[in-house]
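Novice: Before we start, here is the structure in question, set down as structure tokens.
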Amino acid sequence: MRQTEGKPQAEGIHDIIRSLQHLEGPLLPILHAIQTAYDHIPEAALPLIGDALNLTRAEVHGVISFYHDFRTTPAGRHVVRLCRAEACQAVGANGVAASVLGTLGIDWHGTTGDGRITVEPVYCLGLCACGPAAMVNGKVIGRTDAARIGRELEGLT
Amino acid sequence: MSRPLIKVYVPLDSAARALGADDVADAILREAEARDLSIELIRTGTRGMIWLEPLVEVDRGKGRIAYGPVTPDSVPAIFDGSADPLGPVEAIPFFARQTRLTFARCGVIDPLSLPDYETHGGLIGLRRALTMTPEAMVEEVKTSGLRGRGGAGFPTGIKWDTVRLTEADRKYIVCNADEGDSGTFADRMIMEGDPFCLIEGMIIAGLATGATRGFVYIRSEYPDAIAIMDRAIRIARETGLLGLDILGSGQTFEMEIRIGAGAYVCGEETSLLNSLEGKRGVVRAKPPLPALKGVFGKPTVVNNVISLATVPVIFEKGAAHYADFGLGRSRGTMPIQIAGNVAHGGLFETAFGMPLGDLVNDIGGGTASDRPVKAVQVGGPLGAYFAPHQFDTPFGYEDFDAEGGLIGHAGIVVFDDSADMLSMARFAMEFCAVESCGKCTPCRIGAVRGVETIDRIAAGDRSAPALLTDLCDTMRDGSLCALGGFTPYPVMSALRLFPDDFGLTTEAAE
């Protein structure tokens, strides 16, 4: 959903705000839509949202920083989410995570130096009977291991 | 020449997809084309036997026969008739032993076909509700004995009655679909496999309480459930199930989906309400109860997905039918989710009362690793660990409470003897620290100190276990919500049941 591509950022953000402002409690839908369009929530969005919703910039910042999903800087081009929750730990998720992070040379939330891959922890994907579970660019993977994650990432630039 | 149409059912549930169901569906279409066979491919929810996924059912005109787990490579054998079938799903012991009320349609129907839904009993409950007074509807739910399936177990009918009796210009039904507990996936399964059931339950809740608007707050980690619910709501709107004139009754109910943003604490109802309003998802002090002053300050029913999705069958079959199942004050059925290191993982809907050990060993088939079961955690990351000597505990709210645990959202996570319970206790504190909303001190600070104290135990500090116990008492008694208040359950049960893992002799722990 990159409908804003090609437009100046401020104008694109305005369009998003305008299209969702009528909702009851519009802030989270607006933040999700901006992040979907720009892969993160640009600093420039804060005053625009604040003006539209009659909130201070600090209040908008407070909401963005509360939720794990919202980023203020872009992620890598590909996002790997590895489940860290108990059901996946029971079938070796810690080992999978150590291996994936070790191979890429990053820690949780880290991005590889070439900006290619970001690895995020996730606490449950609801795939608890087929763990360890992972999500690579939105695709769910059950009974995963480091080799499988490697194959998913192969060929992605 | 026309041959009888072959119907092939492949799940679209995300667990099935995570195990390759989409590739299997593609392979089936290719194979049918190569053989010049006319087939109808129907994507369904999952039947809940996750270890058999992707589970494919084929109906050649004589009923549905299951195969699984199917891979793209094994598809030709199914067409040849040389693949070993599992038989009808209803005859598979894991399935045959269940009582499917809430999940009766899940895995059977095309989740987005309203005609399919009605053919299988859908909307009967709503049509009956439309002939009843709100008071009678609430009475029906009270009689059913339905209690909140999200974990707290509060009687649903009493909550509804409070909202019904509160005067306001607007009231809301909020469905809590922020299913963040590890080991649970019942909400996801029903939203992906039978979304109209949840919609019907929310409409009935609206009619019973005078609420005309509903929100389903779904966690962002469930993109498939979000997409399916979204399409189902659209279909419901187009067909007049939702809107200003529900099924021609003149009654109104409108609903929409809201997406969470990765905060576990938003599964707590007051935090969820703040999140819906576009605020930080911090917990609110109660009172006021959400039933009196909920979202946007209006009377609000906040119910879990399974509570609401169970309402239609209560109205379809009658409250007494539902209440006939269960034990003591735990009435009806519970979709128990068996997960973690388990041979037969999946969703097992059954009347309350089955002993925990039967669920783990008999139904679940023991560990997937073939090693002895060391512990099971029941009720998500805030649930207590149970050791095998407690396996005769019947699955019920009060029975688990008496054992120092909780059933929560009914997830059971199995661990084999390689699990280190000190590190599981540490993880519970770490998780609480990561997810704390920060509003109350026992949770915000306590969780951080909890991690440090467990590290001291690991380093051999003999004074640390007493300190941890004291800290857990403070968190349990002083936290505003279940996150800080219940984190002591897994921590203290691990310490109590597995002192060896904490470097303590049994005597020292007691």
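The values are calculated or read from the model by the stated rules, or taken from the named source; none is laboratory data. Remember, predicted model here, so these are calculated numbers, not experimental data. Glycine gets a Cβ as well: all are built from the backbone with ideal geometry, and neighbour counts include every protein chain shown. Ligands, DNA and RNA are stripped out before the accessible areas are found, and what is left, the full protein with its side chains, is counted by its heavy atoms. Shrake-Rupley method; radii C 1.70, N 1.55, O 1.52, S 1.80 Å.
Novice: Looking at A:GLY138, is it at pLDDT below 95 and either open to solvent by less than 60 Å² (accessible area, probe 1.4 Å) or outside the structural domain of A:HIS22 (by TED's automatic domain parsing) (or both)? Show your work before the answer.
Specialist: Numbers: at pLDDT below 95: yes; either open to solvent by less than 60 Å² (accessible area, probe 1.4 Å) or outside the structural domain of A:HIS22 (by TED's automatic domain parsing) (or both): yes.
Criteria met by A:GLY138.
Novice: OK, next. I'm checking my understanding of the structure. Among residues of segment B:102-117 that are among the hydroxyl-bearing types (Ser, Thr, Tyr) and over 16 Å from the mean Cα position of the chain (by Cα), which one is most open to solvent (accessible area, probe 1.4 Å)?
Specialist: Here the answer is B:SER113.
Novice: So which residues in segment A:90-105 are open to solvent by less than 30 Å² (accessible area, probe 1.4 Å) and either more than 9 Å from chain B (Cβ to nearest Cβ) or assigned to a helix (DSSP H, G or I) (or both), if there are any at all? Don't jump to the end; show me each part of the working.
Specialist: First, the residues of segment A:90-105 that are open to solvent by less than 30 Å² (accessible area, probe 1.4 Å): A:90, A:93, A:96-97, A:100-101.
A:ALA93, A:VAL96, A:ALA97, A:VAL100, A:LEU101 - these are the residues of segment A:90-105 that are open to solvent by less than 30 Å² (accessible area, probe 1.4 Å) and either more than 9 Å from chain B (Cβ to nearest Cβ) or assigned to a helix (DSSP H, G or I) (or both).
Novice: Okay, moving on. Scan A:ALA58, A:ALA85, A:ALA146, A:ALA75 and give me the residue that is on the phi < 0 side of the Ramachandran plot, touching a strand residue (DSSP E or B) at 6+ places or on another chain (Cβ under 7 Å) and among the aliphatic types (A, V, I, L, M). Give the derivation first.
Specialist: Working: A:ALA58 fails: touching a strand residue (DSSP E or B) at 6+ places or on another chain (Cβ under 7 Å); A:ALA85 fails: touching a strand residue (DSSP E or B) at 6+ places or on another chain (Cβ under 7 Å); A:ALA146 fails: touching a strand residue (DSSP E or B) at 6+ places or on another chain (Cβ under 7 Å).
The unique qualifying residue is A:ALA75.
Novice: Now a separate question. Of the residues B:VAL70, B:VAL56, B:VAL108, B:VAL89, only one is farther than 30 Å from B:ALA236 by Cβ, at pLDDT 95 or above and among the hydrophobic types (A, V, I, L, M, F, W, C); which? Lay out the reasoning, then the answer.
Specialist: Working: B:VAL56 fails: farther than 30 Å from B:ALA236 by Cβ; B:VAL108 fails: farther than 30 Å from B:ALA236 by Cβ; B:VAL89 fails: farther than 30 Å from B:ALA236 by Cβ.
B:VAL70 is the lone residue from the list that is farther than 30 Å from B:ALA236 by Cβ, at pLDDT 95 or above and among the hydrophobic types (A, V, I, L, M, F, W, C).
Every residue, every condition in (1) in contact with a helix residue (DSSP H, G or I) (Cβ under 6 Å, 6 or more places away or on another chain); (2) assigned by TED's automatic domain parsing to the domain that holds B:LEU480; (3) among the β-branched types (Val, Ile, Thr); (4) under 20 Å from B:PRO299 (Cα atoms), yes or no:
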{"site": "B:CYS197", "(1), (2), (3), (4)": "yes, no, no, no"}
{"site": "B:ARG219", "(1), (2), (3), (4)": "no, no, no, no"}
{"site": "B:MET229", "(1), (2), (3), (4)": "yes, no, no, no"}
{"site": "B:GLY248", "(1), (2), (3), (4)": "no, no, no, no"}
{"site": "B:LEU272", "(1), (2), (3), (4)": "yes, no, no, yes"}
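Novice: May I pose another question? Here are some residues: A:GLU59, A:GLU86. Which one is open to solvent by less than 20 Å² (accessible area, probe 1.4 Å) and either within 11 Å of chain B (Cβ to nearest Cβ) or touching a Leu at 6+ places or on another chain (Cβ under 9 Å) (or both)?
Specialist: Values: A:GLU59 fails: open to solvent by less than 20 Å² (accessible area, probe 1.4 Å).
From the options A:GLU59, A:GLU86, the qualifying one is A:GLU86.
Novice: Then there is this: Would you mention how many residues in segment B:1-48 are of a type in the set (Gly, Ala, Ser), within 14 Å of chain A (Cβ to nearest Cβ) and part of a helix (DSSP H, G or I)? Can you show your working first?
Specialist: If we filter segment B:1-48 for residues that are of a type in the set (Gly, Ala, Ser), which is where we start, we get B:2, B:14-16, B:18, B:20-21, B:25, B:27, B:32, B:34, B:38, B:45, B:48.
Those left that are additionally within 14 Å of chain A (Cβ to nearest Cβ): B:14-16, B:18, B:20-21, B:45, B:48.
Now drop any that are not part of a helix (DSSP H, G or I), which leaves B:14-16, B:18, B:21.
Final tally of qualifying residues: 5.
Novice: Wholly within segment B:149-217, which helices (runs of 4 or more DSSP H) include no fewer than the required count, namely at least 1 residues that are within 14 Å of the chain's Cα centre (by Cα) and either surrounded by 24 or more Cβ atoms within 10 Å (Cβ to Cβ) or at pLDDT 95 or above (or both)? Don't jump to the end; show me each part of the working.
Specialist: Values: elements: B:156-165, B:186-193, B:195-209.
Result: B:186-193, B:195-209.
Novice: Could you list, in sequence order, the residues of segment B:82-101 that are free of Cβ contacts under 8 Å to residues at least 60 places away in the same chain and either open to solvent by 20 Å² or more (accessible area, probe 1.4 Å) or assigned to a loop (DSSP other than H, G, I, E, B) (or both)? Spell out how you get there, then give the answer.
Specialist: Pass one, segment B:82-101, residues free of Cβ contacts under 8 Å to residues at least 60 places away in the same chain: B:82-93, B:95-96.
Across segment B:82-101, the qualifying residues are B:SER82, B:ALA83, B:ASP84, B:PRO85, B:LEU86, B:PRO88, B:GLU90, B:ALA91, B:ILE92, B:PRO93, B:PHE95, B:ALA96.
Novice: Evaluate segment B:334-345: report whether one residue or more is surrounded by fewer than 21 Cβ atoms within 10 Å (Cβ to Cβ), more than 13 Å from every other protein chain (Cβ to nearest Cβ) and over 17 Å from the mean Cα position of the chain (by Cα). So that I can check it myself, show each step before the final result.
Specialist: Let us first name the residues in segment B:334-345 that are surrounded by fewer than 21 Cβ atoms within 10 Å (Cβ to Cβ), namely B:343-344.
This time we only want the ones that are more than 13 Å from every other protein chain (Cβ to nearest Cβ), so: none.
Taking every residue of segment B:334-345 in turn, none turns out to be surrounded by fewer than 21 Cβ atoms within 10 Å (Cβ to Cβ), more than 13 Å from every other protein chain (Cβ to nearest Cβ) and over 17 Å from the mean Cα position of the chain (by Cα).
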